[in-house]
Amino acid sequence: MNSFARMWGELAAIGRSSETGGYRRFAWTPAERDCRAWFRDQAAARGLVLESDGNGNEVAWWPAPGPAGVLTGSHLDSVPDGGAFDGPLGVVSALAAIDLLRDREVTPIRPIGVAVFADEEGARFGIACLGSRLLTGALTPDRAAALTDVDGISLPAAMRQADFADQLGPSTLLRDPAAFIELHVEQGRALDAPVGIASSIWPHGRWRLDFTGEGNHAGTTRLVDRRDPMLSYAETVLAARKKAGQHGALATFGRVLVEPGGVNAIPSAVRAWLDARAPDEQTLQELIADISTHATARVTRDRTALTVTPESLSPAVHFAGSVTDRVRAVLPAAPVLPTGAGHDAGVLATAGIPTAMLFVRNPTGVSHAPAEFATEEDCLAGVAALADVLADLACR
């Protein structure tokens, strides 16, 4: 059995729901910790030198840590009921690529590091790419320390519970790398070859919308007397979908909390999270402005109230420059395509680290759901492509 298949089989059961088939590997939970333990075992088995920082990021180095290295890797956490490939594919492929380079008897001139970034999905604390944002200084330690999950557990407390040091803030873990290459499953149907190259990442962000009204009895309160924030929220959802279409953009409400949550009670508050993405920053700003304007008009009509709070914003990323040029030269037949999905690669690129991305074909076109998929044949093609890129960047 090739090393990729063996490692993939070892990870398959960790954090998987027997009911849905999806994965629940939230940051700093037992399932994600088990994935981390697996990663450390893999690093030790290969004689890689493991380092970590106070943000929960880890790097396994071959042959030893050093400046101007070539980094690869991804993340091991998931969204609720996520697919198997989003994140772990990049980590497993990176380790398998090192195995392949060793089989080829290739010796790196530059250090090669396999990175695992913390809480890339933001499923627990609400900010995507949390670890890489902290590492690069894109997120302040004070703001991160104030984050809490739905149970009121703070980020530092969650890290301590998972036996991680919580020394939040910029770190030198990556040692001023010469390049970062992230391999990731493609998260749509745009790739018609086993392996592709990313051209850009759409700008995207998350906004929290707090609708407030008056809690009351569902069976005795006349419709004309109601101040129902659920109605305001529902109308905003429909408006967001329509306005996203008008702008050629994307808008999604994927999480909502209702208070007090009684079946026979009119809500007093509805808290919802909007994910919005667009081809460029101006379009994204216009989309959010249009949605906010519509929602404000709606709450006035419903005699409710609204507060809009930005939680994260990632600018457009264009993978251009010498590293991407070299990747394209190594893989001349690989299609080049943009993506609307955010990645740690985008955070590192924004911080000035030369960065490129590889995609592995996803025949289902489904991601962030159990049906996410890639064939073993395509995954092995991804490993070979990544090994070729690493050989070019670190071994010549």
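The values are calculated or read from the model by the stated rules, or taken from the named source; none is laboratory data. Model, not experiment: these values are computed from the prediction. When we count neighbours, we look across all protein chains shown, and the Cβ atoms used for this are built from the backbone with ideal geometry, even at glycine.
Structure values in brief
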{"quantity": "Residues satisfying the stated conditions in region 151-162, i.e. assigned to a loop (DSSP other than H, G, I, E, B) and in contact (Cβ under 8 Å) with a residue 12 or more places away in the chain", "calculated": "ALA162"}
{"quantity": "ALA333, sole failed condition from (1) crowded, with 17+ Cβ neighbours inside 10 Å; (2) over 23 Å from ASN57 (Cβ atoms)", "calculated": "(1)"}
{"quantity": "So ILE153, is it assigned by TED's automatic domain parsing to the domain that holds THR324 and touching a Ser or Thr at 6+ places or on another chain (Cβ under 7 Å)", "calculated": "no"}
{"quantity": "From GLY382, GLY346, residue being under 18 Å from the mean Cα position of the chain (by Cα), surrounded by 24 or more Cβ atoms within 10 Å (Cβ to Cβ) and either within 28 Å of ARG24 (Cα to Cα) or at pLDDT 95 or above (or both)", "calculated": "GLY346"}
{"quantity": "The lone exception for GLU372 - which of (1) touching a helix residue (DSSP H, G or I) at 6+ places or on another chain (Cβ under 8 Å); (2) closer than 24 Å to ASP119 by Cα it fails", "calculated": "(1)"}
{"quantity": "Residue list for region 231-270, restricted to those being buried (at least 19 other Cβ atoms within 10 Å of the Cβ) and among the basic types (Lys, Arg)", "calculated": "LYS243"}
{"quantity": "Hits in region 294-318 (condition: of a type in the set (S, T, N, Q) and either within 22 Å of ALA123 (Cβ to Cβ) or modelled with pLDDT under 95 (or both))", "calculated": "THR309, SER312, SER314"}
{"quantity": "Entirely in region 296-396, the helices (runs of 4 or more DSSP H) that have 3 or more residues that are basic (Lys, Arg)", "calculated": "none"}
{"quantity": "Matching option when the condition is of a type outside the set (Phe, Trp, Tyr) and in the same structural domain as VAL336 (by TED's automatic domain parsing), among ASP176, ASP210", "calculated": "ASP176"}
{"quantity": "Some residue of region 52-61 being surrounded by fewer than 19 Cβ atoms within 10 Å (Cβ to Cβ) and either outside the structural domain of PRO170 (by TED's automatic domain parsing) or not small (Gly, Ala, Ser) (or both)", "calculated": "no"}
{"quantity": "Boolean, TRP38 is in the same structural domain as PRO354 (by TED's automatic domain parsing), in contact with a helix residue (DSSP H, G or I) (Cβ under 7 Å, 6 or more places away or on another chain), surrounded by fewer than 21 Cβ atoms within 10 Å (Cβ to Cβ) and under 28 Å from LEU168 (Cα atoms)", "calculated": "yes"}
{"quantity": "Strands (runs of 3 or more DSSP E) (entirely within region 1-119) containing at least 3 residues that are within 17 Å of the chain's Cα centre (by Cα)", "calculated": "70-75, 112-117"}
{"quantity": "Region 49-90, residues that are β-branched (Val, Ile, Thr) and closer than 23 Å to ASP275 by Cβ", "calculated": "VAL79"}
{"quantity": "Members of region 307-328 found to be among the aliphatic types (A, V, I, L, M), out of contact with any Pro (no Cβ under 6 Å at 6 or more places or on another chain) and surrounded by fewer than 21 Cβ atoms within 10 Å (Cβ to Cβ), listed by number", "calculated": "VAL308, LEU313, ALA320"}
{"quantity": "Meets criteria (closer than 16 Å to GLU10 by Cα, surrounded by fewer than 24 Cβ atoms within 10 Å (Cβ to Cβ), assigned by TED's automatic domain parsing to the domain that holds ARG36 and not basic (Lys, Arg)) for ALA94", "calculated": "no"}
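Conditions (1) in a loop (DSSP other than H, G, I, E, B); (2) of a type in the set (Lys, Arg); (3) closer than 25 Å to ASN57 by Cβ, marked per residue:
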| position | (1), (2), (3) |
| --- | --- |
| LEU174 | yes, no, yes |
| ARG189 | yes, yes, no |
| PHE211 | no, no, no |
| THR220 | yes, no, no |
| ALA244 | no, no, no |
